[in-house]
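Below you'll find the structure, written out as structure tokens, and then a few comments.
The values are calculated or read from the model by the stated rules, or taken from the named source; none is laboratory data. Note that the structure is a prediction, hence the values are computed from the model and not measured. Don't worry about glycine lacking a Cβ; one is built from the backbone with ideal geometry, like all the others, and counts go over all protein chains shown.
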Amino acid sequence: MSLTRKAPAPAASWQPAVPARVRPARPAGGRNRTPRWRRRDMLAGYVLIAPQMLGFAAFVLGPLVAVVHYSFTEYNNLTGKITFTGGDNYRALLEDPLAVEVAQNTALFSAGLVPFNICLALLLAVLLDQGLRGTVIFRAVFFSPTVVSIIAWTILWFFLLSKDGGVNLMLRTLGIDGPNWLRESGTAMFSVVLVQVLKGVGINMVLFLAALQAVPTELREAATVDGARAWTVFRKITLPMISPTILLTAIVTVIGSLQVFGQILVLTRGGPGNSTTVLAYYIYQQAFKFFELGYASALAVVLFIAVLILTAVQWWLRKKWVFHEQ
């Protein structure tokens, strides 16, 4: 009997076993349950933001809803009597002859404050960006008013701008007889705008300085090598690069200009006459001097709508002049 030797079978190529994809079992409801660790993280997040949300509801949303409600009522805060009057407060606002003058004063104040503040802050930031000697002291001088109490700052300027105050004493040494800055209609609004500009220019200066220092120096150097002048470099390169910061400062400054109150109360009390009575101070007068809380609430609603519209307009116009938005 012959024995034949069989050739060994060829070895099969080894391949790792690929486990079949197992889908997680779904609960009876048909939806995947959120893992326990994710639920803990979500709960921790809600707990952390709860104080902020409660504060917003109590001090922003709640008063806003209350003001809108009171604007449709006649509310005498001496007696506490509330009577629903519908749109009577808004009709009275349209018929109020002083409301037109107040709106004009508010527009004049904003038109003087916003460009003056932004241009001065940008100029100071450009000077600080040059790296000259004494920039630390220079920066501290213009930024320090922002941390001073608004009432203390305004009282100081009240004495400086009075008839025999420090400003007129300095002018007399130059042979100039200065006016009574806060008691003459031609200078009262200018004085209030000046005081507010000097109070708030420091924060905008710091924002502009941070934006200028973030502009790549290579762009400026390349433009200078190509023969561009300093003004051309600033207009064509620097301004477009810092345009988002300009938008931010413009929005914040416009909102602040419409809400000015403390300076008017301390410096002029709306006078002489009504030449410096702006909308925020007029709301204060109606609510706490004439006790017309319903009418004051209607004015506050109008102020809120004005701020909202101006902010929306600036945000829409940013598409035409703001570049390099993040």
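Check segment 181-191 and report whether any residue there is assigned by TED's automatic domain parsing to the domain that holds Gly256, aromatic (Phe, Trp, Tyr) and modelled with pLDDT of 90 or more.
Yes, segment 181-191 contains at least one residue that is assigned by TED's automatic domain parsing to the domain that holds Gly256, aromatic (Phe, Trp, Tyr) and modelled with pLDDT of 90 or more.
Residue by residue through segment 165-214, note down the ones that are touching a residue at least 24 places away in the same chain (Cβ under 8 Å), among the aromatic types (Phe, Trp, Tyr) and closer than 20 Å to Ile264 by Cα.
Phe190
Condition check ((1) modelled with pLDDT of 95 or more; (2) in contact with a strand residue (DSSP E or B) (Cβ under 8 Å, 6 or more places away or on another chain); (3) within 22 Å of Phe291 (Cα to Cα)) across all residues:
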{"site": "Ala25", "(1), (2), (3)": "no, no, no"}
{"site": "Gly30", "(1), (2), (3)": "no, no, no"}
{"site": "Arg38", "(1), (2), (3)": "no, no, no"}
{"site": "Ala44", "(1), (2), (3)": "no, no, no"}
{"site": "Phe59", "(1), (2), (3)": "no, no, no"}
{"site": "Val65", "(1), (2), (3)": "no, no, yes"}
{"site": "His69", "(1), (2), (3)": "no, no, yes"}
{"site": "Glu74", "(1), (2), (3)": "no, yes, yes"}
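Inside segment 289-319, can you point out the residues that are among the polar types (S, T, N, Q) and surrounded by 17 or more Cβ atoms within 10 Å (Cβ to Cβ)?
Within segment 289-319, Ser297 is the sole residue that qualifies.
Of all residues in segment 259-271, which are closer than 12 Å to Asn105 by Cβ and either surrounded by fewer than 20 Cβ atoms within 10 Å (Cβ to Cβ) or touching a strand residue (DSSP E or B) at 6+ places or on another chain (Cβ under 9 Å) (or both)?
If the condition is that a residue be closer than 12 Å to Asn105 by Cβ and either surrounded by fewer than 20 Cβ atoms within 10 Å (Cβ to Cβ) or touching a strand residue (DSSP E or B) at 6+ places or on another chain (Cβ under 9 Å) (or both), then Gly271 is the only one that fits.
Quick check on Val102: is it assigned to a helix (DSSP H, G or I), under 17 Å from Thr253 (Cα atoms), touching a residue at least 60 places away in the same chain (Cβ under 8 Å) and of a type in the set (Val, Ile, Thr)?
Taking the combined requirement at face value, the residue does not satisfy it.
Which of the residues spanning segment 150-201 are aromatic (Phe, Trp, Tyr), under 23 Å from the mean Cα position of the chain (by Cα) and closer than 21 Å to Ser275 by Cα?
Passing the criteria: only Phe190.
Name the residues in segment 211-243 that are surrounded by 15 or more Cβ atoms within 10 Å (Cβ to Cβ) and farther than 20 Å from Leu128 by Cα, would you?
Ala223, Ala228
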